[in-house]
1. Need the failing condition index for residue 397 against (1) open to solvent by 50 Å² or more (accessible area, probe 1.4 Å); (2) small (Gly, Ala, Ser); (3) not in a helix (DSSP H, G or I), just the number.
2. What number of residues in region 101-112 are touching a Pro at 6+ places or on another chain (Cβ under 8 Å) and part of a helix (DSSP H, G or I)?
3. Any residue that is surrounded by fewer than 15 Cβ atoms within 10 Å (Cβ to Cβ) and either part of a helix (DSSP H, G or I) or within 16 Å of the ligand (Cβ to nearest atom) (or both) - is there at least one of those in region 402-413?
4. Which residue, of 353, 364, is over 23 Å from residue 430 (Cα atoms) and aliphatic (A, V, I, L, M)?
5. List the residue pairs whose Cβ atoms are under 8 Å apart, where the first residue sits in region 291-314 and is closer than 28 Å to residue 48 by Cα and modelled with pLDDT of 95 or more, the second is polar (S, T, N, Q) and in a helix (DSSP H, G or I), and the two are 6 or more positions apart or on different chains.
6. For residue 449, work out the one condition from (1) within 16 Å of the ligand (Cβ to nearest atom); (2) among the charged types (D, E, K, R); (3) outside the structural domain of residue 113 (by the TED database) it doesn't fulfil.
7. Being open to solvent by less than 10 Å² (accessible area, probe 1.4 Å), β-branched (Val, Ile, Thr) and away from the ligand (no atom under 16 Å from the Cβ) is the filter here, so list the residues in region 111-135 that pass it.
8. Sort out for me the strands (runs of 3 or more DSSP E) sitting completely within region 129-242 that have 1 or more residues that are more than 23 Å from the chain's Cα centre (by Cα).
Amino acid sequence: MKSDIEIAQETTLKPIHDIATDLSLSEEDWEPYGRTKAKLSTGLLEKLEEKPDGKIVLVTSINPTPAGEGKSTVTVGLGQALNKLNKKAIIALREPSLGPVMGLKGGAAGGGYAQVLPMEDINLHFTGDLHAITTANNALSALIDNHIHRGNNLQIDPRRVEWNRVLDMNDRALRQVVVGLGGPTKGVPREDAFSITVASEIMAVLCLAKDLHDLKRRLKKIVIGYTYDEKPVTVKDLDAEGALTVLLKDALKPNLVQTTENTPAIIHGGPFANIAHGCNSIIATKTAAKLGDYVVTEAGFGADLGAEKFLNIKSRAGGIQPSAVVIVATIRALKMHGGVGKNELTTENVEAIASGIENLKKHIETIESFGLPYVVAINKFPTDSQKEIDFLKEWCSTNKVEVALTDVWKNGGAGGVDLAEKVIKKAEEPAKNLEYTYNLHDPLEEKIRSVAQTIYGADDIVLSAKARSQLVFFENLGWGKLPVCMAKTQYALSNDPSQVGRPTGFTIHIRELRASVGAEFIVVLTGDVMTMPGLPQHPAALNMDVTEDGKIVGLF
Ligand code: ADP
């Protein structure tokens, strides 16, 4: 099997003009960014308002192994398969971050014969959205430090500035820094930190904004820190929302590309799935729903994080309801949940699957708790044995769970036709109302408890003294009606990554809360959540190069 980049470079892409025309877009609806990428115009969604919505299919997974279980790959492959069945399908994905690209994970543009292209551009600088978000974030930092330096009218307490600088890179050396050193002309010294760009609240704001007006409304509300007497200071207090909107105006436009089989794909926004909500933008998802019969989209990590936040945060904010959910499971991850170490995952082990399957069962129950129809997709890896696959299919049949073996990585859309047929059947069932895990008017503590018990299967939550006093502080500031955005390990249902499978009898420890008032959620940290990852021993960056004729090699 060829590498992802070899497959990508052998694919003949249609000019983006043809993809846009196939979507019945007229010239003013989009602008080309080179030959194979385009941005959709700001007013397009409003223009399409009267059109009926296509069906939205949400792709999620069981708790993943560190390598990822192929959600993006299945998302792309399913879109391609739906097209084979003559459904006008559009894929809506997140934009990759350069940090993981240079670090250790594969790209975030799918894999094999189910990729979005041009994958080199998408994985690297693309249309500059992440750079724009980085710049807007850091412009705000510069304005904060300048305000403090120029007399600090707002009385911002430099020890309580919560707004971090960001960089789209894994750079552990910047996790904690001191800025303003060097005397009176260099500003006021204070502790600062760098996060990765996808952890910026501006990324979350951009992804949850309904339009340009809503973007500015949310930017205004961002709380950058507190005064000496602990009053919140906002972007509006600094008069910075205009400048930030200027910097973000083009980044707010969704990007149009295509897949290995020329299926249209809208790729836009990519918030972290731990300290943010981990889904692509509302504008992209809604635009795709207006342009296609089917939109296939995904949410980060497993259903306990990505799907929970897609449904409780994004769906609520955007009025988006999936018609069906695909739960991706892999043989290797089920073995991991059955207690198999990472070096043994390719050895046949049906007993381990039999015990690891409890993890899948919990995620099925989670999707059922939202009242949504679902199909389990077995993302087939070359190392899976027939016995293992048969066991999993048999379990699904005994438990009356619809399942489809998918091989889109190897065979493109043709490998996902069974899944597509089953998804269509589910999506065309009469829609039930989406049942949220909590009501917005519940107190914050109750919302956290509901997620912990219903989604993770925890007995209860335990709040640290800090989290408890923050709860009171936030409720008093009027932020108690916001949804909660849980930050938890993606590897397990509890907040202990070693508790694979389906742990029981555990409590979820709540360490700290953070207010993302512009994004309109309260981040709930259940453990040490890293907002600036580091590079591994052998970063993926060291495999990359450019040949004499300008071709990129070694990028996955
Ligand atoms: P996720 O979205 O769950 O993080 P991805 O779709 O990005 O996962 O896939 C992670 C990596 O695994 C990619 O490099 C992809 O090429 C590879 N991959 C996905 N599915 C398969 C498969 N069925 N067989 C082999 N490799 C796969």
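1. Unmet condition: (3).
2. Within region 101-112, residues that are touching a Pro at 6+ places or on another chain (Cβ under 8 Å) and part of a helix (DSSP H, G or I) number 1.
3. First, pick out the residues of region 402-413 that are surrounded by fewer than 15 Cβ atoms within 10 Å (Cβ to Cβ): none.
No, there is no match, as no residue in region 402-413 is surrounded by fewer than 15 Cβ atoms within 10 Å (Cβ to Cβ) and either part of a helix (DSSP H, G or I) or within 16 Å of the ligand (Cβ to nearest atom) (or both).
4. On the way: 364 fails: over 23 Å from residue 430 (Cα atoms).
Unique residue meeting the criteria: 353.
5. 295/285; 296/75; 297/75; 297/285; 298/72; 298/75; 307/366; 314/285
6. So residue 449 meets the others, but not (1).
7. Quick first cut of region 111-135, residues open to solvent by less than 10 Å² (accessible area, probe 1.4 Å) only: 111-112, 114-117, 119, 122-123, 129, 133.
After this cut, where a residue has to be β-branched (Val, Ile, Thr) as well, the list is 116, 122, 133.
Result: 133, single match.
8. Details: elements: 156-161, 165-167, 177-179, 190-192, 194-196, 223-227, 232-234.
Qualifying strands (runs of 3 or more DSSP E): 156-161, 177-179, 190-192, 223-227, 232-234.
The values are calculated or read from the model by the stated rules, or taken from the named source; none is laboratory data. These numbers were taken from a predicted model, which means no experiment stands behind them. Every residue, glycine among them, receives a Cβ derived from its backbone with ideal geometry; neighbour counts consider all protein chains shown. We work out accessible area using only protein heavy atoms, side chains counted, and drop any ligands, DNA or RNA first. Shrake-Rupley method; radii C 1.70, N 1.55, O 1.52, S 1.80 Å.
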